[in-house]
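Asker: One structure, as structure tokens, below. Some questions next.
No lab work stands behind these numbers, since they all come straight from the coordinates. For clarity, every value in this text was computed on a predicted model and none was experimentally measured. When we count neighbours, we look across all protein chains shown, and the Cβ atoms used for this are built from the backbone with ideal geometry, even at glycine.
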Amino acid sequence: IACIHQGYELYGSDRSFAESVAALRAAFPSADIEVVLPRGGPIVQILEPHATRIVFEPLWVLRRQAIARLATIEMARLPVAVLRAWRRLRDCDLTYVNTSIVADYALAARLLPDKAVLHIHEIPEGAMRRILVGLMHWSHADLIFNSRATRAAFGEPRSARSHVVYNGVAGPPAAEAMTYDGK
């Protein structure tokens, strides 16, 4: 099982990804789970107990602020990125991609759609919405949405299954007692 994530911090999407990896480990305790991140960061520590290995490699991530660079300079790197993603899809029984913006894996999923699951957490706007909706539908991969609103924004795919799985990131263990009495 390969688990792909564009982040390396500990924001909400990072924590949600870590929960998904932990759930995969619980469901498949003897599985070889490889986590792919763009670089090291705080998320690595919470992934280590659940991953067989964590690798760092470039991902072709669609971000609004980088779209001009991706459409020009970075376009030359896209075929290599898609080939790398395709190889991982081919070699794994399942590839879980934790967002709609990891374009190399969404593109490669078209070639092996039965091996890819794309987990969509965001509702994009404007031109980015058209790009991502088109990419998700074109991929033919199974889609997981974090809400009915996200599913509605992307539309029901005709060529794949889709499911709504609400984010289940736990909050703090308990609130701290108030020590300030208002005086």
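Asker: If we count other beta carbons within 10 Å of each Cβ, what is the order of Glu156, Glu57, Glu74, fewest first? Before the final figure, lay out each step's value.
Answerer: Working: Glu156 10, Glu57 13, Glu74 16.
Final ranking by Cβ density, sparse to dense: Glu156, Glu57, Glu74.
Asker: Which angle between 0 and 90 degrees, to the nearest 10, do you get for helix 126-139 versus the longest principal axis of the chain when only C-alpha atoms count?
Answerer: That works out to roughly 70 degrees.
Asker: Can you check what the net charge comes to around Leu37, using other residues whose Cβ is under 11 Å from the Cβ of Leu37 (Lys, Arg +1; Asp, Glu -1)?
Answerer: -3
Asker: Can you tell me what the convex hull of the Cα atoms of the range 2-164 projects to on average, as an area in nm²?
Answerer: Its average projected convex-hull area is 8.9 nm².
Asker: To one decimal place, what Kirkwood hydrodynamic radius in Å is obtained for the range 1-92 from all pairs of distinct Cα atoms?
Answerer: Its Kirkwood hydrodynamic radius stands at 14.2 Å.
Asker: Pairing the Cα long axis of helix 12-27 with the longest principal axis of the chain, what angle in degrees results, from 0 to 90 and rounded to the nearest 10?
Answerer: With both axes taken from Cα atoms, the answer is about 80 degrees.
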